[in-house]
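A.B. asks: Submitted below is the structure of interest, expressed as structure tokens.
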Amino acid sequence: MITKFKIAVLLTCHNRRDKTLNCLNALFAAKVPPGFILEVFLVDDGSADGTGEAVKNNFPKVTVITGTGNLYWNQGMRLAWQTATQTADYDFFLWLNDDTLLDRNAITEMLDCLEEGFQMSNTSGLVTAACRSEAGKTKFSYGGRTESQPLIPNGDLQTCKYINGNAVLVPVEVYKALGNLSPDYTHGMGDYDYGLRAIQKGFNCYTTKSFVATCAPNEGIPDWCNPNVPFSKRWALLYSPLGLNLKEYLLFRKKFWGNKWREYALKAYLKVIFPGIYAKLK
């Protein structure tokens, strides 16, 4: 009997039907090594544009989970992951944003990077896909990061401190040690949190040796600290899941930076109150 390694692909979406379908088309066009199979779990978080039905019609093997409409990224991904682990035993979990298009070699390279990392360190780890900003270009958008800089792929396996969650491959050994994404976050910070927790547990975070996916970046100054946005809206976004989400942001800072969280709180308030100064610094 041939052993099959199972990868659970995890996605969450909201009102981005065309992007979601394009993402799934790219996923199923990607090469999967012999002996590996993909099973896809997608949370349709209250989409009003027919995303869930379109996925069911075009990709009937995808498990579509109905969300509440208030899950956002982190909670939606948590639900997808929870559903997957309650369905079957998996060897790997692949986080995938629905605006991210995998190259044909993406899954193969991510698996190869995990294997190379294990051979180098005798320790398991996880790998984030280096994403370019647009097809045919080599401008970094998402992937692995150091304390202050993105890690540009250079042909070698590189370790990173922070991981963007656009496409991340997590072996079951890491999942067994860390569990699901943290319940502390609604939308953002869950990916950074997971990577930092992995490092704390002795695992490594890697980025792929080449660009293996395409995802357009969110460019420009965030609205919560944009001087062209009215103060009332900036202040609301300071506390919104789609802005900084200050309460959760400071919880994240306390978890990994200890008492320095007060400095980050002060900086956040200064940015929202005096955004012109922040814009000049940027």
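The values are calculated or read from the model by the stated rules, or taken from the named source; none is laboratory data. What you see is a predicted model, and the numbers here were worked out from it, not measured in a lab. No Cβ is skipped: glycine too gets one built from the backbone with ideal geometry, and neighbour counts run over all protein chains shown. What goes into the accessible areas is simple: the full protein's heavy atoms, side chains included, and nothing from ligands, DNA or RNA. Shrake-Rupley method; radii C 1.70, N 1.55, O 1.52, S 1.80 Å.
A.B. asks: Looking for whichever is in a loop (DSSP other than H, G, I, E, B) and of a type in the set (Ser, Thr, Tyr) here; the options are THR208, THR186. Which one fits?
C.D. replies: Numbers: THR208 fails: in a loop (DSSP other than H, G, I, E, B).
THR186 is the lone residue from the list that is in a loop (DSSP other than H, G, I, E, B) and of a type in the set (Ser, Thr, Tyr).
A.B. asks: Specify which of the listed residues (ILE221, ILE273) is more than 30 Å from MET120 (Cβ to Cβ), touching a helix residue (DSSP H, G or I) at 6+ places or on another chain (Cβ under 7 Å), β-branched (Val, Ile, Thr) and open to solvent by 40 Å² or more (accessible area, probe 1.4 Å). It would help to see each step written out before you state the result.
C.D. replies: Details: ILE273 fails: touching a helix residue (DSSP H, G or I) at 6+ places or on another chain (Cβ under 7 Å).
Within the list ILE221, ILE273, the selection yields ILE221.
A.B. asks: How many residues are among the hydrophobic types (A, V, I, L, M, F, W, C), open to solvent by 40 Å² or more (accessible area, probe 1.4 Å) and either within 23 Å of VAL62 (Cβ to Cβ) or touching a Phe, Trp or Tyr at 6+ places or on another chain (Cβ under 7 Å) (or both) if we restrict to the range 78-124?
C.D. replies: Step one: filter the range 78-124 for residues among the hydrophobic types (A, V, I, L, M, F, W, C), giving 79-81, 84, 88, 92-96, 101-102, 106-107, 110-111, 113-114, 118, 120.
Now narrow it down to the ones that are open to solvent by 40 Å² or more (accessible area, probe 1.4 Å): 79, 101, 118, 120.
Retained after the next criterion (residues that are either within 23 Å of VAL62 (Cβ to Cβ) or touching a Phe, Trp or Tyr at 6+ places or on another chain (Cβ under 7 Å) (or both)): 79, 101.
Counting residues in the range 78-124 that are among the hydrophobic types (A, V, I, L, M, F, W, C), open to solvent by 40 Å² or more (accessible area, probe 1.4 Å) and either within 23 Å of VAL62 (Cβ to Cβ) or touching a Phe, Trp or Tyr at 6+ places or on another chain (Cβ under 7 Å) (or both) gives 2.
A.B. asks: Looking at the range 167-186, can you tell me whether even one residue there is within 25 Å of LEU79 (Cβ to Cβ), in contact (Cβ under 8 Å) with a residue 24 or more places away in the chain, small (Gly, Ala, Ser) and in contact with a Lys or Arg (Cβ under 8 Å, 6 or more places away or on another chain)?
C.D. replies: Yes, because at least one residue in the range 167-186 is within 25 Å of LEU79 (Cβ to Cβ), in contact (Cβ under 8 Å) with a residue 24 or more places away in the chain, small (Gly, Ala, Ser) and in contact with a Lys or Arg (Cβ under 8 Å, 6 or more places away or on another chain).
A.B. asks: Then there is this: Out of all the residues in the range 230-250, is one or more of a type in the set (S, T, N, Q), touching a Ser or Thr at 6+ places or on another chain (Cβ under 7 Å) and farther than 30 Å from LEU157 by Cα?
C.D. replies: We begin by selecting, within the range 230-250, every residue of a type in the set (S, T, N, Q); these are 232, 240, 245.
Retained after the next criterion (residues that are touching a Ser or Thr at 6+ places or on another chain (Cβ under 7 Å)): 245.
Going one step further and asking which of them are farther than 30 Å from LEU157 by Cα, we end up with 245.
Yes - at least one qualifying residue is present in the range 230-250.
A.B. asks: Please enumerate the residues belonging to the range 125-138 that are modelled with pLDDT of 90 or more and open to solvent by 50 Å² or more (accessible area, probe 1.4 Å). Outline the logic, then answer.
C.D. replies: Initial filter on the range 125-138 (modelled with pLDDT of 90 or more): 125-134.
The one that is modelled with pLDDT of 90 or more and open to solvent by 50 Å² or more (accessible area, probe 1.4 Å): GLU134.
A.B. asks: For the range 228-251, which positions are open to solvent by 60 Å² or more (accessible area, probe 1.4 Å) and not in a helix (DSSP H, G or I)?
C.D. replies: Once the filter is applied, which keeps residues that are open to solvent by 60 Å² or more (accessible area, probe 1.4 Å) and not in a helix (DSSP H, G or I), the range 228-251 yields ASN228, PRO230, TYR239, LEU242.
A.B. asks: Something else now. Taking the range 29-54 as the search range and keeping residues that are hydrophobic (A, V, I, L, M, F, W, C) and surrounded by 16 or more Cβ atoms within 10 Å (Cβ to Cβ), which one is nearest to LEU71 (Cα to Cα)? Full working, then the answer.
C.D. replies: Narrowing the range 29-54 to residues hydrophobic (A, V, I, L, M, F, W, C): 29-30, 32, 36-38, 40-43, 48, 54.
Imposing the further condition that a residue be surrounded by 16 or more Cβ atoms within 10 Å (Cβ to Cβ) reduces the set to 30, 36, 38, 40-43, 54.
Working: ALA30: 28, PHE36: 30, LEU38: 24, VAL40: 19, PHE41: 15, LEU42: 13, VAL43: 9, ALA54: 20 Å.
If we take residues in the range 29-54 being hydrophobic (A, V, I, L, M, F, W, C) and surrounded by 16 or more Cβ atoms within 10 Å (Cβ to Cβ), then VAL43 is nearest to LEU71 (Cα to Cα).
A.B. asks: Something else about it: Assess whether GLY243 counts as being on the phi > 0 side of the Ramachandran plot and either without any contact (Cβ under 8 Å) to a residue 60 or more places away in the chain or of a type in the set (Asp, Glu) (or both).
C.D. replies: The answer is no for GLY243.
A.B. asks: Condition first: part of a loop (DSSP other than H, G, I, E, B), surrounded by 13 or more Cβ atoms within 10 Å (Cβ to Cβ) and in contact with a strand residue (DSSP E or B) (Cβ under 9 Å, 6 or more places away or on another chain). Can you find one or more residues in the range 15-27 that meet it?
C.D. replies: First, pick out the residues of the range 15-27 that are part of a loop (DSSP other than H, G, I, E, B): 15-16.
Applying the additional criterion that residues be surrounded by 13 or more Cβ atoms within 10 Å (Cβ to Cβ) yields 15-16.
Then drop every residue that is not in contact with a strand residue (DSSP E or B) (Cβ under 9 Å, 6 or more places away or on another chain), which leaves none.
No - not one qualifying residue is present in the range 15-27.
A.B. asks: Given TYR206, TYR192, which one is of a type outside the set (S, T, N, Q), open to solvent by less than 40 Å² (accessible area, probe 1.4 Å) and at pLDDT 95 or above?
C.D. replies: Working: TYR192 fails: open to solvent by less than 40 Å² (accessible area, probe 1.4 Å).
The match here is TYR206.
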